[in-house]
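The values are calculated or read from the model by the stated rules, or taken from the named source; none is laboratory data. The model shown is predicted, which means the values in this text are computed figures rather than measured ones. When we count neighbours, we look across all protein chains shown, and the Cβ atoms used for this are built from the backbone with ideal geometry, even at glycine. These accessible areas exclude ligands, DNA and RNA; they are computed on the full protein's heavy atoms, side chains included. Shrake-Rupley method; radii C 1.70, N 1.55, O 1.52, S 1.80 Å.
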Amino acid sequence: MKKNFLKYFILCLTAVTALVFSSCSSDEAYDFVGNPNNLAYLSINAKNTLSSAVVHTPVGEFGGLDFKIPAFIQRAVTKATTVSLVADNSLIDAFNQKNSTDYVALPDGFLNLSEAVAHIKADTVATYDSLRITFKDGADLSQLTAKGYVAPLRLKVEGDGTASEDRGVVYVVITTSTSLINDSPTGLLGTKADDSNWKCLSADGLDANAFATENWSFTKKQATASFVVDLGATHKVSGYLVGSDLINNGEIAVSEDNSTWTTLGSLRGHKGVDQSEGWYTYTWYVLYGAVPARYVKVTMNLNTGYWGWNYIQWGYCVIDKFGLTYND
């Protein structure tokens, strides 16, 4: 009996020991635990990713980046230590695979890392300044034509400590799009246009001779409608509003000669500036920059299931308001 009890005790001890070693071995996947090195790291978000957007428009490129981030180290350094960021494109494939993306490498000549340097004083555990990441002055953003770019930047440590393999990398992600509409406007660009000299040149689904910028009635039920307006002179159009319960979507375009057209954007689906007029609140879409135009063409996709079509003769089917802003 004593022999069997001893055997049972040894088996239990072996199992516990194996469990302890198994737990320790799993820590190796995250290099902070059990690592004898003093590891420098970044703390940004779960993916250590910084995101920015560049918007291509007919009047120029909008967007940019200016990030300032601190760095930390596990234990107080014994001497003054410098950390900096250096590009490491060898990490792109792993990043794409992990995040199910297909970003390409940001070309040389765009990122400015001259200020991506920070310092940790002796006996402290964090930088007292920030690693700054910006675009280079004069970088030609029009050359960024892919939908998405990623620039992996790895920490470099000079002094006390070692950069963490897991948390010593920041991924700068830059996405691109083509648009004129500013989806984060702080207000109108320019002022609301005087419509007294506007004239409707043609219309489909509306009466051009009865043109009005408020309560302009549709003449018949149909899936699409459109109109072209002459502004009377060339102006710098910087925003627009086409308000109607019947409109599902559509687009607005402008021209200087009534022949060559530039699309400003869609009639729905963007963020804008809400402004109240009487009992109603209208959403104005704001452009990044003003576009010269004398002619405006609006094409609308209409909701043919709208209840008001049954009462079209009573004025229930209208464009409530059509307006522009000028930044002349």
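Among the candidates 62, 95, which residue alone is at negative phi, touching a Gly at 6+ places or on another chain (Cβ under 9 Å) and aromatic (Phe, Trp, Tyr)? Spell out the reasoning first.
Numbers: 95 fails: touching a Gly at 6+ places or on another chain (Cβ under 9 Å).
Answer to the check: 62.
Tally the residues that are on the phi > 0 side of the Ramachandran plot and not small (Gly, Ala, Ser), restricting the search to segment 118-165.
1
Check 106, 144, 91, 111 and return the single one that is more than 24 Å from residue 177 (Cα to Cα) and of a type in the set (A, V, I, L, M). Checking each option against the conditions leaves just 91.
Scan segment 42-52 for residues that are closer than 11 Å to residue 175 by Cα and open to solvent by 50 Å² or more (accessible area, probe 1.4 Å) and the total you get is 1.
Select, from 295, 280, 311, the only residue that is open to solvent by 20 Å² or more (accessible area, probe 1.4 Å) and touching a residue at least 60 places away in the same chain (Cβ under 8 Å).
On the way: 280 fails: touching a residue at least 60 places away in the same chain (Cβ under 8 Å); 311 fails: touching a residue at least 60 places away in the same chain (Cβ under 8 Å).
Checking each option against the conditions leaves just 295.
Residues in segment 201-217 that are under 18 Å from residue 251 (Cβ atoms) and free of Cβ contacts under 8 Å to residues at least 60 places away in the same chain: 202, 203, 204.
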